[in-house]
1. Can you work out the accessible area per residue across the stretch 1-126, with the rest of the protein chains kept in place, probe 1.4 Å, in square angstrom?
2. Kindly report the accessible area of the stretch 306-370 per residue (heavy atoms of protein chains, probe 1.4 Å, no ligands, DNA or RNA), in Å².
3. Which whole-number value in Å² is the accessible area per residue of the stretch 254-299, probe 1.4 Å?
4. In the neighborhood of Glu182, defined by Cβ-to-Cβ distances under 10 Å, what is the net charge if each Lys or Arg adds +1 and each Asp or Glu adds -1?
5. So if I place +1 on the C-beta of Lys and Arg and -1 on the C-beta of Asp and Glu, and nothing else carries charge, what would the dipole magnitude of the stretch 78-151 be about its Cα centre? I want it in debye, nearest 20.
6. Within the chain, what's the longest run with no trypsin sites (Lys or Arg not before Pro) in a DSSP loop and at most 14 other beta-carbon atoms within 10 Å? Give the range, please.
7. Mind running the shape call on the stretch 162-281? Use the C-alpha gyration tensor, a ≥ b ≥ c as the square roots of the eigenvalues: rounded below 1.5 for a/c, prolate if a/b tops b/c, oblate otherwise.
8. Can you give the local net charge around Asp342? Use residues other than it whose beta-carbon is closer than 15 angstrom to its beta-carbon, Lys and Arg +1, Asp and Glu -1.
Amino acid sequence: MIQPRFKDSPHFRNFWEHGNGKQLIELSGAEISFKDFEKFSTYFYHVDEAGDDVVKEVYFTKKFHEASREIEGYIRNGVAETDSVPESVKKLFAQTQKIPGWLNYNLIKSGAELCMRSNLDSLISLRDYCLIGGYDYAYLNKPLIVTEALKKGAVKRLSETLDFWVNVTRYNALELHAKGYEFAIKTRLIHSYARLSIKKYYKDWDTENWGEPINSWDMMATYIGFSLIFFHSLQKLGNAVSIEEEQGIFHLWKYVGYLLGIPEQLLPDDKKQATEYFYLWTSIQPPSDKDSVLLAYSLLNESLENPILKFKFQRKNLRYLHICCTWFLLDDEVCKRLQIPDVSNKKLFPKSKIFFNKIYDKLVSRDARIKRGNKDQMKVLEDYLNITKNSNFH
C-alpha cells in the first residue's frame, strides 16, 4: 500500500507552508490532513477499465483510422442496442450518455464564460502555471516521457492541449454528441490507448512507485490543474471572478472528468475540496527530475520554434513574456528546480497585466469581454492547428 512518502520532504513542505500551496489553502479555506489518504491512494493503481476495454475490442482489432471512424459514429449518433455494437462500446456509452443527477447546465455555462472572458489570461494560466507547474511532479510526467512526447515537440503538445481545452469550454459544448463531448471521449480513449501501449511495450514501467500509467489519481490531479490551479492563476493576474463563475469552473471540469471516466468520488465540487484532494496527491510526488527540466525547456523554447510570429525578435520577446509569467505564477523554488532562466525586470509584465485587467474589467461589459475572448482564443487555436497541419510538427 502506498504511503504519503514525501510528506516530510522539503519540496512538499515548502510548497504547502510557504508557496502556492499556502496561497491555495488561504484562498479555499481547505482543512488539510492525511485522514482520508487511504481512501484516495488506492486510485494510484486504478485505471479506466471501460475505456481500456473499448481500445482492446475496437482499436486493437482493426486499422486505427477505421476504429476512429467507428467510434466517431457512436459519439455523434449515439449507440443503438444492436448486436453488431461491441459490448465494451455499449458499456462506455451507457455511462457517458447518462446525465448525472448533479449536472447543472447553468453552472457549466458560467464556467465556460469565465474561460472565454479571461481571454489570453486563460491561455497564459494554462501554459505558464498549469502545464509547466505540472512538470515539477516527476512521476506524473512518466507517461509523457515513455511515449516520447519530447520527440513530438512542444508545439504539437500545446496544440493538442489547446484544441481540447477550447473545445470543451465553449457554449453548449458538453451536451450529448456536441463537440466538447466528442473531445472528452476521444481524449479518454487516447489515454487508454497510451496506457495499454505503455503496459505492452515499456517493460521498465515502475508500477509500485509511479502508479499505473495514466491512473485515476493522476487524472484527478490533472483536472484539478484545469479548475483550481487555473482559477488561482486568473486571480493572481488580477481577474475578478464572480461566485457563480467560480462554482461554474469547478462544475464544468467535474463533468468533463466524469466523461473522461475519472471516478466521481475523485472529482471535487469546489476550491476547498480541490485543495484538500490535491494536498493528498502531492504527498506521493517527488520534485522535478531531469525529464521535468527537459519538458520545461522544450515548452519555453516553443515560442522560438513556432512560426506563428514572423520575426525572430517577436518570438524572443514572446518567450521572455512567458518566462516572466512563469516566475510570477510559480514558486521561485519550483522555477529554480525546473531551471527556468532568470531574466531582468521579470515582474514588469505581470504587474502591468494586473493593472490593465482591473481597468478593462470596469470599462468593458462582461458580454463584450466574453465575445472578444472567444474570438481571440479561437484565433490562437486556428493558428496552432494550421501550423501543425502544414508543417513537420507531427
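1. Per-residue accessible area for the stretch 1-126 comes out at 51 Å².
2. Per-residue value: 64 Å².
3. Heavy-atom SASA per residue in the stretch 254-299 reads 29 Å².
4. Surrounding charge for Glu182 is +2.
5. 60
6. For trypsin sites (Lys or Arg not before Pro) (loop position, at most 14 other Cβ atoms within 10 Å), the longest site-free span of the chain is 204-309.
7. Cα axes put the stretch 162-281 in the oblate bin.
8. Result for the neighbourhood of Asp342: +2.
The values are calculated or read from the model by the stated rules, or taken from the named source; none is laboratory data. Please read all numbers here as calculations on a predicted model, not as lab measurements. Counting neighbours? That spans all protein chains shown, and the Cβs are built from the backbone with ideal geometry, glycine included. Each accessible area value is taken on the protein alone, full model and side chains, heavy atoms only, with ligands, DNA and RNA left out. Shrake-Rupley method; radii C 1.70, N 1.55, O 1.52, S 1.80 Å.
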